[in-house]
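Heads up, the thing below is written out as structure tokens.
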Amino acid sequence: MMDLTIESLSKKDASKIAEWKSDKELSKLIMSNYSKVSVEEAEEWIERNTSDKNQRLFGVFIKKNNTQKEAIGISRLMFIDFDAKTCELGMYIGNQNYRGYGLGKKALKLTLDFAFKNMRMNKVYLKVREDNIGAVKLYKKVGFKQEGVLREHFNENDSFDNNNILLMALFNKR
Amino acid sequence: MNSYKVLSKQVYSKDEFKIIPIRFEDRYDIMKWRNEQIDILRQDSLLTEEMQDEYFNNVVLNLFDKAQPEQLLFSFLKDGELIGYGGLVHIDWKNKNAEISFLLNTDLNYIDFYLLTFDVFLNLIKEVAISIDMHKIFTYGYCTEEYRFKPLIHNNYILEAKLKDHVLINEKLTDVKIYSKIL
């Protein structure tokens with residue numbers, strides 16, 4: 001069993017972030033604008049997003065041994081609305097070698113725990129590509145319910161056909 | 001008159017109504033209406049004249065010369081008089097979609113006039129969106145008063161999502177509806 005944590009990111013994780021952000025396939029999956037990102041740009045990105053008071057940015061880490069850990073992905077709570085107690089969740093396992101072991105589910109649960117228990121959020125919502133079957137299945141398994149479909153919402157190879165985004169949400173069970 | 005470099009046509013009109021690139025002189029009226037209607041806007045605090053000047057000087061003025069501006073804002077006129085403003089915001093040029101924004105002079109914001117003018121505005125802004133090759137336009141509206149969505153339904157917009165308890169308005173958790181139209 002791999003020991004997994006979510007913790008703040010620091011500048012020393014920038015090379016990993018740069019690598020993931022420069023991964024074309026991952027960009028497609030998480031619907032981010034693809035571009036080659038340098039380590040310096042990733043450092044700036046960490047700094048900017050860590051200091052954003054309406055966001056909580058975490059690295060997803062695997063413990064290698066008692067002293068070493070490795071960043072394998074990120075999870076974020078974004079657009080935190082402290083009045084309505086809502087926020088948007090974004091998450092991915094960037095290191096392909098660690099996909100398919102249920103680590104995404106673990107990281108998701110840790111992030112949701114943080115949102116609901118530590119931050120006392122009422123609702124966590126997310127956007128996911130409708131054709132990202134694995135992710136949709138995971139979110140449903142954890143309890144997310146569909147709130148809508150953004151039809152033909154992104155452009156891939158100059159086509160919008162079936163490029164739908166699901167909006168899903170999970171409420172705090174207090 | 002201001003003009004958007006990205007638009008080949010600057011003025012869009014229907015009957016006595018027209019939209020023209022947002023005018024600097026309308027900024028304080030707009031500020032006043034935004035402050036009066038803060039409940040239905042995604043705006044945290046009341047705007048001041050200084051804030052509005054800064055926004056118009058640093059953000060709005062830059063939009064006119066851009067090849068791909070993030071927003072296209074218009075003053076909305078009836079018989080030449082300013083009655084509201086709005087436009088396309090959060091323009092996503094890669095994915096060719098944009099959100100519609102619309103705000104009416106608070107004094108004119110009674111149901112019948114709102115229904116008429118928002119209907120007209122939707123038609124005019126659709127023309128703008130088509131002219132910049134958008135694929136889809138959408139609205140993001142708080143479910144405080146259901147009549148606000150009527151012009152969207154009348155113009156064949158589709159309800160894409162209902163976000164439950166998504167915002168806090170007057171101490172009450174309120175739903176949000178997203179309507180869209182594929183162009």
Practice task
Need at least 1 residues that are over 18 Å from A:LEU126 (Cα atoms) and of a type outside the set (D, E, K, R) per element, so show me which strands (runs of 3 or more DSSP E) inside region A:2-106 make the cut, counting only ones lying wholly within it.
Solution key: A:4-7, A:56-63, A:69-81
Problem - The listed residue being out of contact with any helix residue (DSSP H, G or I) (no Cβ under 7 Å at 6 or more places or on another chain) and at negative phi, out of B:HIS90, B:HIS154, B:HIS135 - result: B:HIS135
Handout entry: Qualifying residue in region B:41-54 (condition: within 21 Å of B:PHE17 (Cβ to Cβ) and either surrounded by 15 or more Cβ atoms within 10 Å (Cβ to Cβ) or among the acidic types (Asp, Glu) (or both))
Key = no
Handout entry: Residue, farthest from B:TYR55 (Cα to Cα), within region B:83-110, restricted to residues that are aliphatic (A, V, I, L, M) and surrounded by fewer than 17 Cβ atoms within 10 Å (Cβ to Cβ)
Key = B:LEU108
Practice task
Would you please name the residue that is surrounded by the fewest Cβ atoms within 10 Å (Cβ to Cβ), looking only at residues in region A:147-170 that are more than 9 Å from every other protein chain (Cβ to nearest Cβ) and in contact with a strand residue (DSSP E or B) (Cβ under 8 Å, 6 or more places away or on another chain)?
Solution key: A:ASN164
Fill in the blank from the handout: Among B:ASP39, B:ASP29, the single one that is over 21 Å from B:LYS136 (Cα atoms), within 14 Å of chain A (Cβ to nearest Cβ) and either assigned to a helix (DSSP H, G or I) or touching a residue at least 12 places away in the same chain (Cβ under 8 Å) (or both) is B:ASP39
Exercise for the section: Consider A:LYS109 carefully, then state whether it is at pLDDT 95 or above, within 13 Å of the chain's Cα centre (by Cα) and either within 14 Å of another protein chain (Cβ to nearest Cβ) or outside any loop (DSSP other than H, G, I, E, B) (or both). Expected result: yes
Practice task
Determine whether B:ILE100 is among the β-branched types (Val, Ile, Thr), over 30 Å from B:ASN170 (Cβ atoms) and in contact with a Ser or Thr (Cβ under 7 Å, 6 or more places away or on another chain).
Solution key: no
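The values are calculated or read from the model by the stated rules, or taken from the named source; none is laboratory data. Given the structure is predicted, the values throughout are model-derived calculations rather than measurements. Every residue, glycine among them, receives a Cβ derived from its backbone with ideal geometry; neighbour counts consider all protein chains shown.
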